[in-house]
1. Rounded if a/c is under 1.5, else prolate if a/b is larger than b/c, else oblate: which is the chain, with a ≥ b ≥ c the root eigenvalues of its Cα gyration tensor?
2. Run lengths n ≥ 4 of DSSP H only: what is the helix-derived mean residue ellipticity at 222 nm for the chain, with -39500 (n - 2.57) per run over all residues, to the nearest 500?
3. Any idea how far apart Arg186 and Ser36 come out in nm if each label point goes 7 Å out from Cα toward Cβ?
4. Which shape class, rounded, prolate or oblate, goes with segment 78-197 when its Cα gyration tensor gives a ≥ b ≥ c as root eigenvalues, a/c under 1.5 marks rounded, and past that a/b bigger than b/c marks prolate?
5. Got a sec to turn the phi values of segment 46-55 into Karplus ³J(HN,Hα) couplings, 6.51 cos²θ - 1.76 cosθ + 1.60 with θ = phi - 60°, whole Hz, x for Gly and Pro?
6. May I ask you to compute the full-extension gain from Arg210 to His127, defined as 0.36 nm times their residue separation minus their alpha-carbon distance, rounded to one decimal in nm?
7. Pop a pseudo-label 7 angstrom from the Cα along the beta-carbon direction at both Leu289 and Asp359 and give the gap in nm to one decimal.
8. Cα axis of helix 320-331 to longest principal axis of the chain: angle in degrees, 0 to 90, nearest 10?
Amino acid sequence: MSAIIDPFHAIAISRTAHRLTAEGRSIIHMEFGQPSTGAPAAAIAAAHHVLDHDPMGYWESGALKARIARHYAETQGLTIDPEQIILTCGASPALVLALSCVFAPGERVAFARPGYVAYRNTVKALHLEAVEIPCGEAERFQVTAEAIERLDPAPHGLILASPANPTGTIVAPEEMAAIAAVCRRRGIRIVSDEIYHGLSYVGPARSMLRDDAGALIVNSFSKYFSMAGWRLGWLVVPPELIDAARARMGNLFLTPPSLAQHAGLIAFDERDELEGHIRTYARNRELMLAALPALGLRRIAPPDGAFYIYADIGHLTDDSMDFCMRLLVDTGVATAPGVDFDPVEGHRFVRFSFAVSTDRVEEALRRLTPWFAAQQAAVAAS
């Protein structure tokens, strides 16, 4: 029997947004975690050179794998054999590889609720059983060692994300170590989604590899490197899983685009340009946080990293999809409904992405302020 996969509701919002654009409307896209900036200039220049001189083909860049390994040494103090790094067509295939390498159909995989929509649906598509851990304000919307300890029976695996989507919350280093210890003792394999590493406003995020050498690490060039459309990511596996991961990558996806691999290698050393993007996100974050109380949005997840605001709109609606669609049609601001990330409580949450230019954030807030005031007035009058 085939798995039933829930739709990604933000895509429906985006489709409507693009239709409105075609009709001449001014639309501000805050529905996806997609940087408005492009790849680093030097990476683009390298890609032009490759297009002119390289016929390209199926290929795995040894130089890029070595550079990624050096990145872990530089940022986390870890020594990783480049052969442990499997280059993938973005983080999504890396997650498929990770889950299929270590779990069999019917096994139980836990993750936070709210959490990225693809965790739940990829787990289901692979005929694994999803175990959603409710995480609210008291837990800073993040998985805790205590919550994992309480799971009975223990799941076979845990997907952890820090910084997380949709909340941006980061797990503290001591909690990361505690989670690793509980999982080790209970025989729970960790898959750590570290796609938002580098995007932090409260200090560097810690890789789970520092606490659990057996963890599988998912990462990508889509977020920090502003290369979402290049479809390039990687998976770090322990030595005993190299052959299994390579076999799955080769059969399911072949290799990532050659052009993206050439550009990605150059992008790693364009830190000044990339850190400039982080400064822009930090300014956008400050603008959003300062404006939220005036919008009546006072209950939010702590946006420690990534580029999201996950806000409670339960005082205004119990249908976040309808709310986001009305917001888009009335103001031209596209957002993501909370039901994508939480099928239980998400009807009263919305996610804003501030991965756009600062002038777009300012314009969005100008449009949102009277609209939210009108919504609050309508509720008060009803």
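1. Details: a/c = 1.72, a/b = 1.25, b/c = 1.37.
Since a/c reaches 1.5 but b/c is at least a/b, the shape of the chain is classed as oblate.
2. The per-residue figure over the chain is -14000 deg cm²/dmol.
3. Going from the Arg186 label point to the Ser36 one covers 4.2 nm.
4. Cα axes put segment 78-197 in the rounded bin.
5. 5, 5, 4, 4, 5, 4, 7, 10, 10, x
6. Gain on extension, Arg210 to His127, equals 26.9 nm.
7. A separation of 2.6 nm, rounded to one decimal place.
8. 70
Quick note: the coordinates plus some simple rules give every number you see, no bench work behind them. What you see is a predicted model; the values in this text were computed from it and never measured. All Cβ positions, glycine included, derive from the backbone under ideal geometry; neighbour counts span all protein chains shown.
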